[in-house]
Amino acid sequence: MKLFARTERMQRWLDWYAADHRNPVNHWIHILCIPLIAFSAMGLLGLIPPHVLIYGARFGWPELGLAALIAFYSQHDLKLALAAVPIGAAMLVTARHLPWQAHAGIFAAAWIAQFIGHGRFEKNRPSLMANLVSLFIAPAFLLDGLLTKLKP
């Protein structure tokens with residue numbers, strides 16, 4: 001087995017997710033809103049105690065969530081996992097500097113935009129309604145698209 005090989009299961013999830021997001025307007029809404037939802041979720045999760053210091057670094061629910069996402073990706077596609085690390089770390093650090101009200105507003109607006117994208121442009125229900133795994137697959141779908149564009 002190749003170290004950077006994608007599992008068949010991950011490919012099926014990505015194909016399934018792509019099939020629900022064919023409209024270009026809805027696709028762009030997701031390109032914008034999925035990172036905003038992840039970012040704001042990190043900010044909101046950061047409000048929940050406990051927070052501990054490990055070697056001087058703050059650790060709490062946002063870090064645990066990012067670790068779970070990276071562990072999930074590592075099982076199915078190591079390239080996606082490695083791409084998620086710096087992006088997720090930057091989001092974690094930045095999310096700490098906004099007040100909770102900003103995160104709540106971003107979170108709500110981004111979800112509303114995605115529901116509008118599905119209802120108005122895609123004419124289908126969001127993937128989340130069919131399978132909760134899409135919470136992890138949506139960022140993977142965007143990372144996969146980014147890695148494909150960066151491929152020489």
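Just so you know, all these numbers are worked out from the coordinates, no wet-lab data involved. In this text the structure is predicted, and so the values were computed from the model without any measurement. Reconstructed Cβ throughout: ideal geometry from the backbone, glycine too, with neighbour counts over all protein chains shown.
Observations, loosely collected:
- Lysine pairs with alpha-carbon atoms under 20 Å apart, the chain, spacing 8 or more or separate chains: 4
- FRET efficiency estimate (nearest 0.05) - Cβ-Cβ, LEU3 to HIS51, R0 35 angstrom: 0.50
- Distance distribution note for the chain: the fraction of Cα pairs above 21 angstrom is 48%.
- Between the C-alpha center of the stretch 102-152 and that of the stretch 19-71 there is a gap of 12 Å.
- Mean residue ellipticity at 222 nm, helices only, the chain: -22500 deg cm²/dmol; runs of at least 4 DSSP H residues each add -39,500 (n - 2.57), and the sum is divided by the number of residues.
- Charge-dipole axis of the chain as Lys and Arg at +1 and Asp and Glu at -1 on Cβ define it, positive-most pick from HIS30, MET91, LEU128: HIS30
- Length added when fully stretched, TRP28-HIS97, from 0.36 nm per residue minus Cα-Cα: 22.2 nm
- Paramagnetic label zone (point 7 Å from Cα along Cα-to-C-beta, ASP15; backbone N under 13 Å) in the stretch 121-142: none
- Amide N of the stretch 97-138 lying under 14 Å from the label point, which is placed 7 angstrom from the Cα of LYS149 along Cα→Cβ: none
- Cα-centred dipole magnitude for the chain, charges only on beta-carbon of K, R (+1) and D, E (-1), debye, nearest 20: 200 debye
- Here the Gaussian network model covers the chain, with springs between Cα atoms less than 10 Å apart; of TYR73, TYR55, TYR17, TYR55 fluctuates the most.
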